[in-house]
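Visitor: Dropping the structure in here first, questions after.
Read the figures in this text as sums done on the coordinates, not as results from a lab. Quick caveat: nothing in here was measured; it's all calculated off a predicted structure. Positions of Cβ are backbone-derived with ideal geometry, glycine not excepted, and every protein chain shown enters the neighbour counts.
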Amino acid sequence: MRVERLLGITIVLLGRRRVPVRELAERFSVSCRTIHRDLDALSMAGIPVVTVRGSGGGVEIMEGYRLSSTLFNQDELLSSIVALEGLGNALDSDSITSALEKIKGLLSREQQEKIEGRRSLFLDISPWFSSQIEEHMLSQIREAISKSLLISFRYMNNKGQESRRRVEPMSLVFKGYTWYLYGYCLLRDDYRFFKLSRMDELEITTESFTRREKELEKKRVENSIDWQEKLERIVIKISSKVRARAVDTFGRKAIKFIPDGTGLVEVFWPLDEWLYSTILSFGADIIVIEPGSLKDEIKKRLISMLNRYT
């Protein structure tokens with residue numbers, strides 16, 4: 001434990017200009033006297049620890065002393081910092097915080113200030129409206145994955161049908177602004193992706209499991225092949241009122257804008273519930289040109305909606 005604490009103190013001091021002894025004691029859950037002994041040990045090991053007394057005092061590592069950063073150039077270090085900060089925005093993780101501090105510790109304060117002053121990239125994968133329930137789920141599932149414990153939850157599928165699932169959790173996946181759980185479903189006897197937003201009554205069981213051989217990357221390839229086989233050419237006309245939203249949804253390259261402000265969208269997507277709901281969400285500002293089957297499906301749904309108001 002002491003070796004880990006000594007390393008931790010070193011990393012903190014490398015990343016900060018000056019740290020009060022009391023703050024270090026609280027951080028590592030030891031007494032101030034223990035911290036002073038640790039600082040003496042670091043000095044004996046050749047790390048130049050300096051104590052500054054008085055108001056604003058504390059301990060610091062002599063300016064100019066750095067751990068070796070020759071393995072990374074500044075762009076590589078900045079990329080690592082940005083990625084970890086982005087992940088840290090979405091996941092409350094001590095390991096991410098620790099890793100971030102270690103990487104920043106490879107830079108001198110002058111280098112850190114220089115990089116921050118020229119930073120051109122920020123990454124934040126947290127949602128605009130964060131859900132404390134989902135954040136708690138992420139934490140619970142991560143713990144279950146690390147300990148190889150079965151989880152149980154109530155799940156709603158695309159058709160709105162609910163069932164109780166027992167799953168061997170493998171990985172958490174963030175894709176399309178949405179968190180998914182990837183795992184082996186004992187009910188379906190196969191690998192599945194589960195949207196966290198559709199999960200409820202999550203329980204971490206005490207039953208352990210042996211991680212199966214099939215990897216997430218293999219499943220992603222299989223899903224990609226299945227998805228590509230279901231693609232259909234879709235042509236849609238949009239009004240000028242929804243140009244910006246259409247670009248967000250379909251992508252600028254998929255839209256050919258006409259001088260009158262309208263646009264023709266051509267994409268290759270599967271015909272599924274997501275597509276139907278997306279088209280309907282544009283209201284009267286969108287017209288399906290082809291395929292005929294998509295046009296018929298949208299028409300049928302619009303008639304059903306109209307009948308509800310007559």
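Visitor: When you count, for each residue, the other Cβ atoms within 10 Å and take the mean per peptide, how do 48-54, 177-183 rank with the highest first?
Guide: Top to bottom by mean Cβ count within 10 Å: 177-183, 48-54.
Visitor: Exceeding 19 Å between C-alpha atoms, which entries from my cross-link table qualify? They are 159/300; 159/195; 237/299; 256/300. Numbers along the way, then the final one.
Guide: Numbers: 159/300 17 Å; 159/195 14 Å; 237/299 15 Å; 256/300 28 Å.
Over 19 Å apart, Cα to Cα: 256/300.
Visitor: Something else: Taking the number of other C-beta atoms within 10 Å as the exposure measure, put 204, 258 in order starting with the fewest.
Guide: Starting with the residue having the fewest Cβ neighbours, the order is 258, 204.
Visitor: Using the Karplus curve 6.51 cos²θ - 1.76 cosθ + 1.60 with θ = phi - 60°, what ³J(HN,Hα) values do you get for each residue of the range 31-41, in whole Hz, with x for Gly and Pro?
Guide: Here the 3J(HN,Hα) series is 7, 4, 4, 5, 4, 4, 5, 5, 5, 5, 5 Hz.
Visitor: Going by how many other beta carbons lie within 10 Å of each one, how would you line up 278, 310, fewest first?
Guide: Sorted ascending by nearby Cβ count, the order is 310, 278.
Visitor: Work out the FRET efficiency for residue 161 and residue 7 from their Cβ-Cβ distance, taking R0 = 51 Å, and round it to the nearest 0.05.
Guide: Computed FRET efficiency for residue 161 and residue 7 comes out at 0.50.
Visitor: Run the simple label-point estimate for residue 256 and residue 30 please: 7 Å along Cα→C-beta, distance reported in nm.
Guide: Roughly 7.1 nm, to one decimal.
Visitor: If R0 is 45 Å, what FRET efficiency do you get for residue 243 and residue 148 from their C-beta distance, rounded to 0.05?
Guide: Calculated transfer efficiency: 0.35.
Visitor: Moving on to the next point. How would 257, 268 line up from fewest to most surrounding beta-carbon atoms within 10 angstrom?
Guide: The most exposed by this proxy come first: 268, 257.
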